[in-house]
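Working notes, beginning with the structure itself.
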């Protein structure tokens with residue numbers, strides 16, 4: 001009897017060893033915080049919707065997406081990231097939708113040494129950049145496209161109104177520098193909050209300076225507020241917006257007031273209008289078809305495509321990371337970070353990524369096109 005029990009025990013051990021050999025890795029967990037409610041909801045909702053379209057396996061490993069709403073609140077975004085880290089053992093963070101909430105997640109990314117792919121264009125000091133990447137284009141890349149258009153259209157003076165937060169300040173910094181390089185003088189700077197319902201005071205000051213053009217640095221539907229106010233005051237100069245305004249909800253809220261605005265956007269916004277040679281046309285068309293089949297015609301968004309691009313960067317890095325560590329471990333998170341940073345020619349809906357140690361955006365001119373709002377839609381002006 002004793003001999004028989006020993007034999008059964010040995011067989012059980014061998015079976016367990018065999019099972020462990022066929023299931024070497026744990027699931028890969030992705031913690032996603034988006035602003036599905038609050039001022040940035042028109043950004044966060046399409047990002048959240050896109051998660052349902054993402055593949056659930058990479059290199060044979062199961063991917064778990066854990067999605068939470070941070071309500072465009074940095075405190076909630078920080079809490080979400082901490083929950084992902086402690087309860088879900090997240091291997092990577094995606095998010096959040098706005099600069100303030102993305103920066104709140106970056107605190108946890110650096111503290112826990114977990115790679116983050118932000119869905120907003122964040123700027124961090126060098127000491128805090130190592131673990132944080134951005135799917136959207138850097139403001140400097142987009143500001144250069146605007147400056148070129150302004151110069152070509154004889155703009156000599158530029159007014160500015162932007163968010164009184166990291167997004168607005170980042171754009172002010174880059175646009176001031178780029179405008180000066182193009183011989184354009186800044187003529188008036190105003191700020192407003194994402195939750196403001198009136199910007200009359202700021203617009204009166206800007207309009208009285210009568211600049212040749214005004215740049216509005218907002219995102220989502222709140223970006224329409226200053227342009228609506230400018231239209232009400234009869235401002236006749238050129239109006240520019242940023243890539244933060246590139247969604248149909250912005251056009252719906254702004255209506256006729258936003259007609260004629262020029263903005264730099266990712267190629268996904270006008271994928272069907274791109275030349276066939278553009279590297280992002282195919283993926284942009286495929287994503288648009290897939291998204292609109294699920295959510296309805298005309299619903300595709302630039303912001304949802306940032307989620308897709310975050311996935312593309314992540315998916316390209318997973319095979320290399322699996323060679324160096326097991327999901328759920330510090331070794332895997334480090335290997336994943338390193339693989340994202342060393343990725344080359346990763347094609348996304350917004351352009352082609354080539355990250356480096358000093359550039360955690362990775363985009364070049366292929367990631368931007370200029371569009372004008374015409375008849376409630378986007379019209380391609382130029383693609384570089």
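Observations on the structure shown:
- Comparing 162, 304, 343 in a Gaussian network model of the chain, where Cα atoms under 10 Å apart are tied by springs, the biggest mean-square fluctuation is seen for 343.
- Long-range tail of P(r) for segment 314-384 (Cα pairs > 19 Å, %): 50
- Overall dimensions of segment 140-265 by Cα: Rg and Dmax, Å: 12.8, 35
- Counted residue by residue at 0.36 nm each, then reduced by the alpha carbon distance between them, the extension gain from residue 358 to residue 148 reaches 73.0 nm.
- Spin-label model, residue 62/residue 315: points 7 Å from Cα along the beta carbon direction are separated by 2.0 nm.
- For the pair segment 33-52 / segment 345-374, the C-alpha centres are spaced 21 Å from each other.
- Across the chain, the relative contact order, built from alpha-carbon pairs under 8 Å that are at least six residues apart, equals 16 percent.
- Normalised by 2.2 N^0.38 Å, with N the number of residues, the alpha-carbon radius of gyration of segment 178-244 equals 1.08.
- Förster-model FRET efficiency, 30 Å R0, residue 79 and residue 164, C-beta, rounded to 0.05: 0.80
- Approximate spin-label separation residue 256-residue 113, in nm, with each point projected 7 Å along Cα-to-Cβ: 6.0
- Distance (nanometres) between label positions extended 7 Å along Cα→Cβ at residue 52 and residue 130: 4.0
- Principal axis extents of the Cα atoms in segment 64-103, from largest to smallest and rounded to whole angstrom, are 24, 15, 14.
- Cβ crowding within 10 Å averaged over residues, with 104-117, 317-330 ranked highest first: 104-117, 317-330
- Of all DSSP beta bridges in the chain, antiparallel share, percent nearest 5: 30
- Scattering curve values for segment 110-199, log₁₀ I(q)/I(0), Debye with Cα scatterers, q = 0.12, 0.20 Å⁻¹: -0.47, -0.99
- Here the chain is treated as an ellipsoid with the same Cα gyration tensor; its semi-axes, largest first and in whole Å, are 44, 20, 18.
- Adding -39500 (n - 2.57) for every DSSP H run of four residues or longer, then dividing by how many residues the chain holds, sets the calculated 222 nm ellipticity at -13500 deg cm²/dmol.
Every read-out reported here was derived from the displayed coordinates using simple, explicitly stated rules and does not represent laboratory data. Small disclaimer: the values here were computed from a predicted structure and weren't measured. Cβ: placed from backbone, ideal geometry, glycine included. Neighbour counts: every protein chain shown.
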